[in-house]
Structures are given as structure tokens and as C-alpha cells.
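Chemist: Okay, here's the structure, questions in a sec.
The values are calculated or read from the model by the stated rules, or taken from the named source; none is laboratory data. Since this is a predicted model, take the numbers as computed values, not measurements. Quick reminder, even Gly has a Cβ in these numbers, built from the backbone with ideal geometry, and neighbours come from all protein chains shown. Areas reflect the complete protein model, heavy atoms only, side chains present, ligands, DNA and RNA absent. Shrake-Rupley method; radii C 1.70, N 1.55, O 1.52, S 1.80 Å.
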Amino acid sequence: MLPLVKKSVVSAVMVLLSLAGCAVGPDYLRPPVEVPKNWKEATPRDAESRIRWWEIFDNAELDALEAQALVANQTLKGAIARVEQARQIARISAADFYPTITFDPSASRQDFSANRLITIPRTNNAPLSRFNSNLFTVPLDLTYEVDVWGRIRRTYEAAREEAQASAADYQTVLLTLTSDVAQNYFLLRSQDAEIALLKRTVQLRKEARDLVRYRFEGGVANQLELSQAETDLATTEAQAIALEQRRAQLEDALAVLLGKPAPDFSVPRDPLEALPPVIPAGLPSDLLERRPDVAHAERLMAASNARIGVAKAAFFPAIQLTGSAGFQSTDLASLFKWESRMWSIGGGLVTPIFEGGRIRANYEASKAQYDDAVAYYRQQVLVAFGDVEDSLAAIRVLADQAQAQARAVTSARKTTELATMRYREGLSNYLEVVDAQRTQLDNERAAVQILGGRFASSVLLVRALGGGWSPTINQ
């Protein structure tokens, strides 16, 4: 009889395991999004090893700053910790695929009353006596949920996608950090160039003031012209001092990004003179593969889809298998003898009958959460397209503006030379020189600022593309 019982139990278990091949809820399919021509949707490749994109600027000092940021930035360290946390949470979910086995030994001693209640009839009226009883148990207990409806699989699927979303979020933090370092660095170098320009201008203003003073002492110039020269010199000196404050703020911002105390950090002055790298023409075709924020949104959407299956599985019965085997004896000396062995096997089924609408509400909430994730994903795709177009447009416009500004600088310098010559020859007053000098300085500063803007726009394009570009980006 016992072999027959064992065979029936094994058969029942096999049937349940065969049913565990299905999983309720929708299988994940990436929803379509509207994309421009020459663009494509693709599987995210944000976790692939990228080039050190900042090397396209061919700047050794920038390379060194980026290396320091990758090692010491605190925000990046926090992102790394969050990735590890998400991975371990996924491992917790994966543990539900396996049975839980516990070791729970126990020992008890009980003293029975002489006046205890008994349920077995006695053959005589002899009085009961007190006695003691020991019980020693050394069991291994097993519990296992048969994943008939795929609740465990869907839960693990959601946790796995959320772990991948966390990894994509780390890539976003990494890209933001490295691009912020580059952007602040080039803005700092642009400030250095503008400060150097103003210092040269201060020297020129001193020479112009000395010229007016010489002419004033000779009776050729008047007090108004000398006052104008003094005012122009002081104004230029004040502008140079204001730029020093802005440079200090950029230096402090770099210190924070590099994980260093601001008072102990400094960057040597080096005016920005080089041109930014050439951007490949055309639109990149692999944006959706490289953008980590788009990948993050896509994986959260996949996780929300899996949560629908988890919520739907709650409508169906949960099947639990239990088992126990070990030794039990009232005598410690005979506890581990073969005659003291014991075992049990069983199963249970929990079926929801009435939950007050809780299961239905949770299911509908899961579907609404998925719809929200789809909308967020599509929004991120639109933002990605907009970011790239904005950066490309800025680069094109600033390149054209730089050419026009270069012509304006050349013309302004020529105007200043002519105005100074006319003043020396007594053909005009000093106000004409002041106007020409101010126009020249404004145009020279604008040229420096445009160059800094071109570098900053190049960095923003790197961020928009998910980490740089390559000559084959359009193939």
C-alpha cells in the first residue's frame, strides 16, 4: 500500500510541475514609437563598453580631470551602490524558484499531572500518578510553491528588468558626470581666454590714458577727454575682476565633480584657443541603442509589464508543497537510531474567494502603471530626438556666428586704429576713440564666448548621443 501512496504523490507532483510551464499576463513587446526618417528603434546597448569619449577633444588635462572624477565622485559611487542593491533584489526574487529547507531541532520535557484529564477508558479505578516525558526532534522541513501561474517567474522578470534599469541609470549618471566635467572645464578655459583679453585691454587702456594725459599736459587735450580715458580704464579693470569671480565659481564646481575640497583645488590658467572637433554630418542611426535614459525608461516599462502578470496570478490558487524528514525520540540515546526516523509529505491550496475587490484593483493598477511607463518611454524618446537636434543646430549656428564674429573683430580693430590715428593728428576728439575701443572689446569678448559655446555645444551633443560619436556613426 505504501508504494502505491508514494507513486500517487510523485504523479501528482509531476502533474503540478508540468502545469508550471505557463505564466499568466502579457509577454513583453516593445511598443512602437514615432521616429524621424533615417532613425531606427533598436535593443538598448547602453551597457556596452564605450570609448573614452572626451578623448575626441585631444586635451591631456581634460583626460586627467575625467580620470579623477571617475574615481572620486560621490554621486557616481552612490549610483554604483544602487546597481548592486538592484542586482541583489533580483537574486532574492530568483530564490523563490527553489524550495526552502530549514533545520529546526527541538527538545522538550513535560511534567504530567496526577489529576490530568484522560480520554481512554480505564479498566480499573487505580489512581493516576505523575510522570515526566521527554521529546527530542531533529527534522529537515521543506516548503515549495509550485509556480503554476507564473507568479514567481513574473516577479523575477520584473526584478531583473529593474536591475537592468538601475544599470542604465548608472550609465546616465556616468555620462552626466563626464559631460559636466568637460563642460565646466571648457567654460573655465573660455573664462581664462576672456580674462587674458581684458588684461591685455587694460594695458592698452593705460597706454591710451597716458597718451591723453600727455596731450592734456601739453594743452592739446581737455579735462573731459582725460576723464573719459580714466573712466574707460577703470571700467575695463572692473570687468576683469568680475570675471575672476566667475572663474573661481567654475573651479569650485569642478572640485565638487572631482570629489575634492574646493579650497584645496585649483586649475592652472590656460586660455581656450583651439577649435572644437569636427562633427560628422547627418543624423546618427543608433540613438536608441546608446542613450542610457531611453534604455532606463524601456526597462522600467518591461518591469511594469511583468508586474501585470504578478497581479493576474493572484486570481488563481496558490499551491504549496510541504515535507519533513528526520528523527524523533523520547530518549536522547536512541534519537539517531533507524527506528526513530520519521517523515511526512503534504500539500496545500489557497484559493481567493472574497477579497473585497482588492485583487481586481491591484490588477487594474498594474495595467495603469504599465500605461504610465509606456508614456514615459515615448516621452524620453521624443526628448532624445529633441536633444540631438538642439545640439546639432547650436553647433551649426555657432560655427556660422563665429565666422561672422571674426569679421566683426577684424573690422572693429581696424576702426580703433583709424580712430586713434585721427585723434593723434587732431582730426577728432577722444570720444570717437572711446567708442571704437569699446566696440572692439565687445566684439573680441563675443568671439571668445562663441568659441566657448561651441565647445559646450559639442559636449552637449556627446550627452545627447549617449556618449560620443565615431566616423561610422551614419553607416
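Chemist: Among L382, L398, which is out of contact with any strand residue (DSSP E or B) (no Cβ under 7 Å at 6 or more places or on another chain), in a helix (DSSP H, G or I), surrounded by 15 or more Cβ atoms within 10 Å (Cβ to Cβ) and among the aliphatic types (A, V, I, L, M)? Quick ask: steps written out before the conclusion?
Modeler: Working: L382 fails: surrounded by 15 or more Cβ atoms within 10 Å (Cβ to Cβ).
Selected residue: L398, the only one of L382, L398 that is out of contact with any strand residue (DSSP E or B) (no Cβ under 7 Å at 6 or more places or on another chain), in a helix (DSSP H, G or I), surrounded by 15 or more Cβ atoms within 10 Å (Cβ to Cβ) and among the aliphatic types (A, V, I, L, M).
Chemist: Looking only at segment 140-155, how many residues end up being open to solvent by 10 Å² or more (accessible area, probe 1.4 Å) and either under 22 Å from the mean Cα position of the chain (by Cα) or over 15 Å from A90 (Cβ atoms) (or both)?
Modeler: Count: 9.
Chemist: E55 passes all but one of (1) open to solvent by 50 Å² or more (accessible area, probe 1.4 Å); (2) touching a residue at least 40 places away in the same chain (Cβ under 8 Å); which number fails?
Modeler: (2)
Chemist: Mind listing whichever residues of segment 322-340 are modelled with pLDDT of 90 or more, of a type in the set (A, V, I, L, M, F, W, C) and buried (at least 17 other Cβ atoms within 10 Å of the Cβ)?
Modeler: Scanning segment 322-340 gives a single hit, F327.
Chemist: While we're on this one: Of everything in segment 411-427 that's in a helix (DSSP H, G or I) and open to solvent by less than 90 Å² (accessible area, probe 1.4 Å), which residue is farthest from S227 (Cα to Cα)?
Modeler: Residues of segment 411-427 that are in a helix (DSSP H, G or I), as a first pass: 411-424.
Then drop every residue that is not open to solvent by less than 90 Å² (accessible area, probe 1.4 Å), which leaves 411-412, 415-416, 418-420, 423.
On the way: S411: 27, A412: 23, T415: 22, T416: 19, L418: 22, A419: 18, T420: 17, Y423: 16 Å.
Here the answer is S411.
Chemist: Which residue pairs have Cβ atoms closer than 7 Å, lie 6 or more positions apart in sequence or on different chains, and pair a first residue in segment 21-39 that is at positive phi and among the acidic types (D, E) with a second residue that is modelled with pLDDT under 80 and loosely packed, with under 13 Cβ neighbours inside 10 Å?
Modeler: That search, which allows pairs on different chains as well, returns nothing.
Chemist: Can you name the residue in segment 353-379 that is in contact with a helix residue (DSSP H, G or I) (Cβ under 6 Å, 6 or more places away or on another chain) and open to solvent by 80 Å² or more (accessible area, probe 1.4 Å) and, of all such residues, is farthest from A303 (Cα to Cα)?
Modeler: The selected residue is N362.
Chemist: Search segment 89-113 for residues being touching a strand residue (DSSP E or B) at 6+ places or on another chain (Cβ under 9 Å) and of a type in the set (A, V, I, L, M, F, W, C), and hand back the single one that is most open to solvent (accessible area, probe 1.4 Å). Walk me through how you get there before you give the answer.
Modeler: In the first step, residues of segment 89-113 are kept if they are touching a strand residue (DSSP E or B) at 6+ places or on another chain (Cβ under 9 Å); the result is 96, 98-112.
Next cut, of a type in the set (A, V, I, L, M, F, W, C) only: 101, 103, 107, 112.
Values: I101: 108, F103: 130, A107: 76, F112: 56 Å².
Among residues in segment 89-113 that are touching a strand residue (DSSP E or B) at 6+ places or on another chain (Cβ under 9 Å) and of a type in the set (A, V, I, L, M, F, W, C), the one most open to solvent (accessible area, probe 1.4 Å) is F103.
Chemist: When you scan segment 343-352, do you find a residue that is in contact (Cβ under 8 Å) with a residue 12 or more places away in the chain, among the β-branched types (V, I, T), under 30 Å from Y28 (Cβ atoms) and exposed (fewer than 12 other Cβ atoms within 10 Å of the Cβ), even just one?
Modeler: The first filter runs over segment 343-352 and keeps only residues in contact (Cβ under 8 Å) with a residue 12 or more places away in the chain, leaving 343-352.
From what is left, the residues that are among the β-branched types (V, I, T) are 345, 350-351.
Retained after the next criterion (residues that are under 30 Å from Y28 (Cβ atoms)): 350-351.
Next, from what is left, pick out any that are exposed (fewer than 12 other Cβ atoms within 10 Å of the Cβ): 350-351.
Checking segment 343-352: at least one residue is in contact (Cβ under 8 Å) with a residue 12 or more places away in the chain, among the β-branched types (V, I, T), under 30 Å from Y28 (Cβ atoms) and exposed (fewer than 12 other Cβ atoms within 10 Å of the Cβ).
Chemist: With out of contact with any Asp or Glu (no Cβ under 9 Å at 6 or more places or on another chain) and open to solvent by 40 Å² or more (accessible area, probe 1.4 Å) as the only criterion, which of L275, L226, L250 stands out?
Modeler: Working: L226 fails: open to solvent by 40 Å² or more (accessible area, probe 1.4 Å); L250 fails: open to solvent by 40 Å² or more (accessible area, probe 1.4 Å).
Sole residue among the options that is out of contact with any Asp or Glu (no Cβ under 9 Å at 6 or more places or on another chain) and open to solvent by 40 Å² or more (accessible area, probe 1.4 Å): L275.
Let's see how each residue does on (1) at pLDDT 90 or above; (2) closer than 30 Å to Q380 by Cβ:
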site: R87; (1), (2): no, yes
site: Y98; (1), (2): no, no
site: N115; (1), (2): no, no
site: P127; (1), (2): no, no
site: F131; (1), (2): no, no
site: N134; (1), (2): no, no
site: G150; (1), (2): no, yes
site: T178; (1), (2): yes, yes
site: Y185; (1), (2): yes, yes
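Chemist: Please state which of the following conditions T330 fails to meet, knowing it meets all the rest: (1) more than 30 Å from Q110 (Cα to Cα); (2) touching a residue at least 60 places away in the same chain (Cβ under 8 Å).
Modeler: (1)
Chemist: Can you name the residue in segment 21-55 that is over 30 Å from K312 (Cα atoms) and more than 23 Å from the chain's Cα centre (by Cα) and is also modelled with the highest pLDDT among such residues?
Modeler: E34
Chemist: Pairs needed: first member in segment 96-118, in contact (Cβ under 8 Å) with a residue 24 or more places away in the chain; second member anywhere, in a loop (DSSP other than H, G, I, E, B) and open to solvent by less than 100 Å² (accessible area, probe 1.4 Å); C-beta distance under 9 Å; at least 6 residues apart or different chains.
Modeler: Every condition considered, the pairs that remain are D96/D147; F97/D147.
Chemist: Find all pairs meeting these conditions: Cβ atoms under 8 angstrom apart; at least six residues apart or on different chains; first residue within segment 428-450 and over 21 Å from R246 (Cβ atoms) and open to solvent by 30 Å² or more (accessible area, probe 1.4 Å); second residue of a type in the set (D, E) and modelled with pLDDT under 85.
Modeler: Matching pairs, first to second residue: N429/E225; L431/E225.
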